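**Student:** Provided herewith is a single structure, encoded as structure tokens, for subsequent inquiry.
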Amino acid sequence: MDPLAAILETFFQECEEQLAELESGLLAMEGGDTDPEIVNAVFRAVHSIKGGAGAFSLEALIRFAHVFETALDEVRSGRMSPTSDVLKTMLRAADVLADLVRAAQAKEEGEHPNAAALVEELKALSGGAVDTSGSEEDWGDFEFTPSVVAFDAPADAAPVEEVEIQPGVKVTFKPRGDLYAKANEAAILLRELGRIGTIEVELDAHEVPPLQDLDPEAAYLSWTINVTGDVTEDSVREVFEWVDGDCELKVEPLGGAPAPGADAGFDLSALLARVQDDTPAAPPAAIELELEAPLALEPAPAPEPVAPAPVAPAPVVAAAPPPAPALPPAAANEHAADGQGAGSRKAEAGATIRVDLDRVDRLIDLVGELVINQAVLAQRVMEAGLARASAVAMGLDELEQLTREIQDSVMAIRAQPVKSVFQRMPRLVREVAAMTGKPVRLVTEGEGTEVDKTVIERLADPLTHMIRNAIDHGLESPEKRAAAGKPAEGVVKLSAAHRSGRIVIEVSDDGGGINRERVKSIAIEKNLISAEATLSDEEIDNLIFMPGFSTASEVSDISGRGVGMDVVRRSIQALGGRITITSRPGKGSTFTMSLPLTLAVLDGMVVSVEGQTLVAPITAIIETLQPKSEDVHSLGGHARVISIRGGFVPLIDVGMALGYRREPLPATQGVALLIEGEGGSRAALLCDAIQGQRQVVIKSLEANYRQVPGVAAATILGDGRVALILDIDTIVTVSRGDMRKAG
Amino acid sequence: MTDETLTLGESLDMTAAGPLHKELLGRRGKPVTIDASQVRRIGGQCLQVLLSAQSTWAADGADFQITEPSTEFSDGLTLMGASHLAPAAALSPVQD
């Protein structure tokens, strides 16, 4: 990856973090939290995104962030109170900002549909304080525009030195290598200075070494710039705000004495400026106090704001019109915890490192190889006829344990709490609630539950869709709820937990449950089932997962985005997961997803079929059994069913399904694996024999060969042979089709 | 010894500094003429390389020349206070 792309990548990663910070901050504020540090964190998040976007000339992003930031500054300075309406607008603005970041990341062109409208709303909020001309100008303009707004601060609150115009400012600026590495450019900064005043530049190149000793990525040059005209030290510092830690900067009045402490390793006066910047309403005395305190790199919160931001009169949570009466205690706690989380994360930030995902994946791959290698070695030792109690075999056992531990630890690196997905949901709930006119409260549980990053990334879409569904279809209208004696506010619960080596995520609502009559009639109407079919309640509930069940004509704007529950089910299955639904009329429905914690290893049942070794994912297997001849019934052709405890399930010969043999194995000569496939449908897979159960490292077939129907992936066994991992759902589906033809 | 011309690319940003450094190192000891007519922007790190090269060539006693500077190149140099690198640059005022 070229360095610029890598930096850009880092920028987008940081954006994600800033966006999360922004949202949790806004939610905390909406929940009634008035901690000025939260307001500052929210402001900083937008400010950082804008700054980074500036470095990469991401115009749309800069323009929007600029307007957003200005509105936030109004709140931060206490000039605008963060009322529920204001925060609603801000939350929607955060949403658009997130979209714009994603659009920039995907290099998408074109206008965001809501951006222009929100810009107007934000401008209205900030009372026209936004310098709109900024949005028309070159991006280079953005850095100092906000300062114009800052100077609008009430006269009594503005420290004297902030507004004093000096005849000129002398800037000594020495970039460090990091400044360039972060895609900042000394030339651009100088040009910026040229815009706020008349500049006289003196280059100091005495540190530049001979060519052979020069590191092209280091920084050797420094500049002394005299800026004259209508400039202040602060406006000059604003120019350098984004490179603060990456350069040596001295800003002093032209011809005057250097600011105290300016010679220190980092710029004390710059820090002072930042402290002032972050406490616009603080009296000068408070700033002095700050100086006496130990110097922290992060600007401290205002010790005692003169004009505290007025508290929102009616705190509202993830709730929608009609306004929720009061903050439910559970939600309040959650939000409070969120807010604290934002703060404490900051404190912990030093204890983490940012690692390229490729490196982690490579490590995981290598550990996978190690596991395979260790299995090969164990097999060799066995073949050599060494006793189980021999020192070699014992050593191998220890090695095996160690390998497992390494594997677990490596997997843990990729594991992340599901919080990152869960925290996107409150906004979604709000939006959908507003569109449907149903008051909704979202309750989340188990946000700290960890799962592989890949799984998390691919969870967002299905979860979004399911939550939309739960509100749109699950919850009844307030009138109906009132009639049913339920509180007007519906509850959608999102929870995550670890259960026997998998993560189980549930989306439940306290709505009316599935209207089975209606579901069945829709399925008949759409020709998914025959009108005569007698179905159990469970089977009817599962109809909603059928492809073609949900279409645009039938679903509303909210859920109907061309995606039905079948897509949700497929994406869950693609993750090696299962989704089931339970519904009780009048009480609500629960969707339960069970997903593997990682996509790199799999617990498998190793079976043999016609001399081939195959692996069946253990999660799909309910039980294994030895078929008795009286339980197996032929349906004609090769189609057979097996009776298990009074019910019939299809008996599928794996050897036939995969084309290993032409004639089916007599059922009594094999072993059947009772499996549960898509939507809870069951089938029995007939294999020749079971070899055992073991954890296997998944090697993608798609990546290394191509997709093969019926085969999910491959693995390498202890004896060095490749074994295919069965794609149980495909085998069942294909065999069903065959069976139908036969039947 | 013949004078070889090195034509600078359009964008002399941070990504260009490494390649430029390498290119110049390879021409060490020979007189070099650098054609700056294509340059649309120049950043601090490429400036360092050029400054270093200029003094290195001077120390070696070999010719080092920057010719046909584009307006943007000259502006960039003036902005960074390095118009002495390409004398023609001094004529152009800083502008946006």
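The values are calculated or read from the model by the stated rules, or taken from the named source; none is laboratory data. Note that the structure is predicted; figures quoted are calculated from it, not measured. Using ideal geometry, Cβ is built from the backbone for each residue, glycine included, and neighbour counts are taken over all protein chains shown.
**Student:** Please go through the range A:200-216 and pick out each residue that is of a type in the set (D, E) and facing chain B (nearest Cβ under 7 Å). Outline the logic, then answer.
**Tutor:** Restricting attention to the range A:200-216, the residues satisfying the condition of being of a type in the set (D, E) are A:200, A:202, A:204, A:207, A:213, A:215.
Within the range A:200-216, just A:E202 meets the criteria.
**Student:** Now a separate question. If we keep just the residues of the range A:168-184 that are touching a residue at least 40 places away in the same chain (Cβ under 8 Å) and either of a type in the set (S, T, Y) or assigned to a strand (DSSP E or B) (or both), which is nearest to the other protein chains (Cβ to nearest Cβ)?
**Tutor:** Of everything passing the filter in the range A:168-184, A:P175 is nearest to the other protein chains (Cβ to nearest Cβ).
**Student:** Still on this structure, please answer the following. Kindly indicate whether any position in the range A:664-678 is free of Cβ contacts under 8 Å to residues at least 60 places away in the same chain, in contact with a helix residue (DSSP H, G or I) (Cβ under 8 Å, 6 or more places away or on another chain) and among the hydroxyl-bearing types (S, T, Y).
**Tutor:** Within the range A:664-678, one or more residues are free of Cβ contacts under 8 Å to residues at least 60 places away in the same chain, in contact with a helix residue (DSSP H, G or I) (Cβ under 8 Å, 6 or more places away or on another chain) and among the hydroxyl-bearing types (S, T, Y).
**Student:** From the list A:R427, A:R380, A:R441, A:R404, which one is basic (K, R) and not in a helix (DSSP H, G or I)?
**Tutor:** Criteria check complete, one pass: A:R441.
**Student:** Name the single residue that is surrounded by the most Cβ atoms within 10 Å (Cβ to Cβ) among those in the range B:22-48 being among the hydrophobic types (A, V, I, L, M, F, W, C) and not in a loop (DSSP other than H, G, I, E, B).
**Tutor:** Restricting to residues being among the hydrophobic types (A, V, I, L, M, F, W, C) and not in a loop (DSSP other than H, G, I, E, B), the top hit is B:I42.
**Student:** Also, I was wondering about something else. Here are some residues: A:V42, A:V101, A:V119. Which one is touching a Gly at 6+ places or on another chain (Cβ under 7 Å) and modelled with pLDDT of 85 or more?
**Tutor:** A:V42
**Student:** Then there's this: Quick check: anything in the range A:380-398 in contact with a Gly (Cβ under 8 Å, 6 or more places away or on another chain), surrounded by fewer than 15 Cβ atoms within 10 Å (Cβ to Cβ), farther than 30 Å from A:V491 by Cα and of a type in the set (S, T, N, Q)?
**Tutor:** Within the range A:380-398, not a single residue is in contact with a Gly (Cβ under 8 Å, 6 or more places away or on another chain), surrounded by fewer than 15 Cβ atoms within 10 Å (Cβ to Cβ), farther than 30 Å from A:V491 by Cα and of a type in the set (S, T, N, Q).
**Student:** If the Cβ limit is 7 Å and pairs must be 6+ apart or interchain, which residue in the range A:587-611 that is closer than 13 Å to A:L726 by Cβ and in contact (Cβ under 8 Å) with a residue 24 or more places away in the chain pairs with which residue that is of a type in the set (A, V, I, L, M, F, W, C) and part of a loop (DSSP other than H, G, I, E, B)?
**Tutor:** As it stands, the answer is A:L602/A:I698, since those pairs meet every condition given.
**Student:** Scan A:G437, A:G448 and give me the residue that is within 27 Å of A:P487 (Cβ to Cβ), out of contact with any helix residue (DSSP H, G or I) (no Cβ under 6 Å at 6 or more places or on another chain) and loosely packed, with under 15 Cβ neighbours inside 10 Å. It would help to see each step written out before you state the result.
**Tutor:** Values: A:G448 fails: within 27 Å of A:P487 (Cβ to Cβ).
Only one candidate qualifies: A:G437.
**Student:** Next question. In this structure, is A:V86 out of contact with any His (no Cβ under 6 Å at 6 or more places or on another chain), farther than 24 Å from A:R441 by Cα, more than 14 Å from chain B (Cβ to nearest Cβ) and of a type in the set (V, I, T)?
**Tutor:** Criteria not met by A:V86.
**Student:** So, one more: Quick one: in the range B:50-82, of everything that is under 17 Å from A:V208 (Cα atoms) and of a type in the set (S, T, Y), which residue is farthest from the other protein chains (Cβ to nearest Cβ)?
**Tutor:** Looking at the filtered set, the residue picked out is B:S55.
**Student:** Counting only residues that are touching a residue at least 60 places away in the same chain (Cβ under 8 Å) and not in a helix (DSSP H, G or I), which one in the range A:32-71 is surrounded by the most Cβ atoms within 10 Å (Cβ to Cβ)?
**Tutor:** Among them, the one singled out is A:D33.
**Student:** Being surrounded by fewer than 18 Cβ atoms within 10 Å (Cβ to Cβ), of a type outside the set (D, E, K, R) and at pLDDT 85 or above is true for just one of A:G646, A:G659. Which residue is that?
**Tutor:** A:G659
**Student:** Now for a different question. What tally of residues in the range B:25-48 results from selecting those that are under 15 Å from A:E217 (Cα atoms) and in contact with a strand residue (DSSP E or B) (Cβ under 9 Å, 6 or more places away or on another chain)?
**Tutor:** Qualifying residue count for the region: 6.
**Student:** For the range B:33-49, which positions are more than 8 Å from every other protein chain (Cβ to nearest Cβ) and closer than 19 Å to A:L190 by Cα?
**Tutor:** As a first pass, look at the range B:33-49 and keep what is more than 8 Å from every other protein chain (Cβ to nearest Cβ): B:33-40, B:46.
Across the range B:33-49, the qualifying residues are B:V39, B:R40, B:C46.
**Student:** Among the residues of the range A:574-596, which ones are at positive phi and either in the same structural domain as A:A713 (by TED's automatic domain parsing) or at pLDDT 85 or above (or both)?
**Tutor:** A:G586, A:G588
**Student:** Sort out which residues of the range A:217-234 are touching a Gly at 6+ places or on another chain (Cβ under 8 Å) and more than 9 Å from every other protein chain (Cβ to nearest Cβ), and write them in order of number.
**Tutor:** Within the range A:217-234, A:N226, A:V227, A:T228, A:G229, A:D230, A:V231 meet the criteria.
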